[in-house]
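Some notes on the structure that comes next.
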Amino acid sequence: MADPRGPGPGEPAGRAVRTWLDLDAGRRATLAAWLQRFDPVRFVDADAAREACGSAAFERGANHLSVWGADGPLGALAVVTREVAPRGLAFVTGVCVEPGERAVFDRLLAAAIERVGDAGARLKLAVSPERPHLADWVARHGFVYREDARRLALTGPEPSLDPHPRLTCQAVRPDEVETYRAVAEDCFRAAPNGGSVSLDEAHERLAGRSFPDQVALYRLGDAVVGFHELALRRAVGNIDSLGLLPRFQGRGLGAHVLRGCVDTLRAHGAQRVELLVMSSNRPAVRLYARHGFTLRAVLARWFERPPLRSQ
């Protein structure tokens, strides 16, 4: 069987699949800049692309794959494999391939499937809505559209909300990293595209803070009930994640956590506040709409393919 990482028949030998770890500093910079130009909605700048490529989610770059031509990158994608063992599910994201390079896409997808290593796993894959050629190629591989990842912006009036008398928000301390990891995992275990959080990822998020309460825990009295993860770039605040533990949902606390996120970002200079939500997460969509968030852009369209073993 041919190696899916190598070039196809009649193609240049240089068009092999490389990981982020294979690239020197110059090529990493070139790839990050190319990714930002290809998908500026996902990657606000080259630094954001570089951070994503080498992140813990992609095994520090071992699961970020790219193919190069003589003049630079031709395509790239990343694979999240940590949910294969517990849930039989893998994610392919950050798919960027130039039009006319379907053979490059095919090779990258084959290499991603090889990384997954389990023919019984379901595969979810995201592509930019601004690149229709990718949706066409994905469909030809048996993927079916499921949902959108939507970026919302706070533009409407915010309803008045009295402070909760017992709910507090405090920055995660270094000795609370395991508590934070477990809470984040429990909040999103059943959410669309949710899953486990590794200790490496938790440490990475804490180490990357530019202000202490960028990552924070919410407590109701002494009980931890939820968390948030925020980001701030060029006066634009992003609510990367917010969540409540399942046993505390349905009590009206979500509105208070959302307000806590907005207030924290504004306190650190955010002039605009945005967040990401999956279209299938209807309770969250309704909550955000009630609190003044409106659609700014569709960040990605998510497709799914059943396990290869069942086909």
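With a Förster radius of 30 Å, plug the Cβ-Cβ distance of Ala191 and Ala135 into 1/(1 + (r/R0)^6) and report the FRET value to the nearest 0.05. Walk me through the numbers before you get to the answer.
Details: r = 24 Å, r/R0 = 0.80.
So the FRET efficiency works out to roughly 0.80.
Can you tell me the equivalent ellipsoid semi-axes for the chain? Use √(5λ) from the Cα gyration tensor, largest first, whole Å. Don't skip to the end; give the middle numbers.
Numbers: eigenvalues 256, 80, 71 Å².
Semi-axes (√(5λ), whole Å): 36, 20, 19.
Mind checking the per residue accessible area of the chain for me, 1.4 Å probe, whole number of Å²?
On the way: 14480 Å² over 311 residues.
Per residue, the chain has an accessible area of 47 Å².
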>> Between 0 and 90 degrees, rounded to the nearest ten: what's the tilt of helix 25-38 against the longest Cα principal axis of the chain?
In response: 70
> Does segment 216-311 classify as rounded, prolate or oblate by the C-alpha gyration tensor (a ≥ b ≥ c root eigenvalues; a/c under 1.5 gives rounded; else a/b over b/c gives prolate, otherwise oblate)?
Replying inline: oblate
> Any number yet on Rg/Rh for segment 195-238, C-alpha, Kirkwood?
Replying inline: 1.02
> Can you tell which of Ala191, Ala70, Ala32 shows the greatest fluctuation in a Gaussian network model of the chain with Cα springs below 10 Å?
Replying inline: Ala70
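Computing the accessible area with a 1.4 Å probe over protein heavy atoms, can you report the carbon and sulfur percentage for segment 202-291?
After summing per-atom areas, the C and S share lands at 47 percent.
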> For segment 181-254, how big is the tail of P(r) above 21 Å, as a whole percent of Cα pairs?
Replying inline: 28
> Quick one: Karplus J couplings for segment 124-138, per residue in order, coefficients 6.51, -1.76, 1.60, θ = phi - 60°, nearest Hz, x for Gly and Pro?
Replying inline: 10, 9, 10, 9, 6, x, 7, 10, x, 4, 5, 4, 5, 5, 4
> Remind me, what semi-axes does segment 212-257 give for its equivalent ellipsoid, largest first in whole Å, using sqrt of 5 times each Cα gyration tensor eigenvalue?
Replying inline: 23, 11, 8
> Using the per-residue mean of other Cβ atoms lying within 10 Å as a proxy for protection, in what order, highest first, do the peptides 250-263, 151-164 fall?
Replying inline: 250-263, 151-164
> Sorted by average packing, counted as other Cβ atoms within 10 angstrom per residue and highest first, what order do 202-213, 112-123, 54-65, 165-176 take?
Replying inline: 54-65, 112-123, 202-213, 165-176
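The values are calculated or read from the model by the stated rules, or taken from the named source; none is laboratory data. Predicted model, so just to flag it, every value in this text is computed and none were measured. No Cβ is skipped: glycine too gets one built from the backbone with ideal geometry, and neighbour counts run over all protein chains shown. SASA here: full protein model, heavy atoms, side chains in, ligands and nucleic acids out. Shrake-Rupley method; radii C 1.70, N 1.55, O 1.52, S 1.80 Å.
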